[in-house]
Amino acid sequence: MKITEFLDKDAIKINVEATEKEEVLKELVDVLGSVQKIKDKKSIVTALIERENLGSTGIGQGIAIPHGKTDLVNKLVAVLGISRKGVNFEALDGEMVYIVFLLIAPKETAGPHLKALAQISRLLRDSYFCELLRKCQTADDVYSLIHREEDKKH
């Protein structure tokens, strides 16, 4: 499974405005809502916040991978947000977050959701890649960068 299979180019937001966790989740769900034609965005935000209450998905080194499940999507979908200001995501290392990779999966699936988390984690483990990602100026740049990186690994 490749990230480019579930991340739409239109679901990449370069300049995330919000600086607090809940506001960032709302901002990225808004992007998801417009790309996937989701009307009930509030329940997706609620699912994400419930997951965050179990423990922050801010995994450290400036990265967060918030995720949740809902019946409002019929396949795995993602939104990638890049913040220039940094987000207080209550990350495990206490650092600000600059890369937020939001994943939403259908309620009754486990496999694709877990594979996607593993793929994203593998990709973002490379600090040089994350640095390049943060320097991207457009969604096209981000998408191309991810595509090139995935082609190298396959």
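The values are calculated or read from the model by the stated rules, or taken from the named source; none is laboratory data. For clarity, every value in this text was computed on a predicted model and none was experimentally measured. Methodologically, a virtual Cβ is constructed for each residue, glycine included, from the backbone with ideal geometry; neighbour enumeration extends over all protein chains shown.
Screening LEU80 with (1) free of Cβ contacts under 8 Å to residues at least 60 places away in the same chain; (2) among the aliphatic types (A, V, I, L, M); (3) under 20 Å from SER127 (Cβ atoms); (4) crowded, with 23+ Cβ neighbours inside 10 Å gives one miss only, at (1).
Residues checked against (1) surrounded by fewer than 16 Cβ atoms within 10 Å (Cβ to Cβ); (2) modelled with pLDDT under 95; (3) farther than 17 Å from LEU103 by Cβ; (4) not acidic (Asp, Glu):
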residue	(1), (2), (3), (4)
LYS13	no, no, no, yes
ALA18	no, no, yes, yes
GLU23	yes, no, yes, no
VAL29	no, no, no, yes
GLY33	no, yes, no, yes
LYS37	yes, yes, yes, yes
VAL45	no, no, no, yes
LEU54	yes, yes, no, yes
LEU72	no, yes, no, yes
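The set of residues in region 66-106 being more than 18 Å from GLU20 (Cα to Cα) and assigned to a loop (DSSP other than H, G, I, E, B) consists of ASP71, LEU72, VAL73, ASN74, LYS75, LEU76.
When region 23-60 is filtered for residues that are among the polar types (S, T, N, Q) and either more than 24 Å from ASP10 (Cβ to Cβ) or not in a loop (DSSP other than H, G, I, E, B) (or both), the ones remaining, listed by number, are SER34, GLN36, SER43, THR46, ASN53, SER56. Taken over region 1-35, the residue count meeting the criterion of being farther than 15 Å from GLY81 by Cβ, under 15 Å from the mean Cα position of the chain (by Cα) and in contact (Cβ under 8 Å) with a residue 24 or more places away in the chain is 3. With respect to the stated conditions, ARG148 fails to be of a type in the set (Lys, Arg), surrounded by fewer than 16 Cβ atoms within 10 Å (Cβ to Cβ) and modelled with pLDDT of 95 or more. Give me the residue from region 96-114 that is farther than 15 Å from LEU48 by Cα and at pLDDT 90 or above and, out of that set, farthest from the chain's Cα centre (by Cα). Filtering first and then ranking leaves MET96. Quick check on region 56-67: of everything there that is in contact with a strand residue (DSSP E or B) (Cβ under 6 Å, 6 or more places away or on another chain) and small (Gly, Ala, Ser), which residue is surrounded by the most Cβ atoms within 10 Å (Cβ to Cβ)? That would be ALA64.
Contact annotation: residue pairs with Cβ atoms under 7 Å, 6 or more positions apart or on different chains, pairing a residue in region 113-141 that is over 12 Å from ILE99 (Cβ atoms) with a partner that is part of a helix (DSSP H, G or I) and modelled with pLDDT under 95, are GLN119/ILE3. Number of residues in region 117-148 that are under 13 Å from GLY81 (Cα atoms), over 14 Å from the mean Cα position of the chain (by Cα) and of a type in the set (Lys, Arg): the value is 1.
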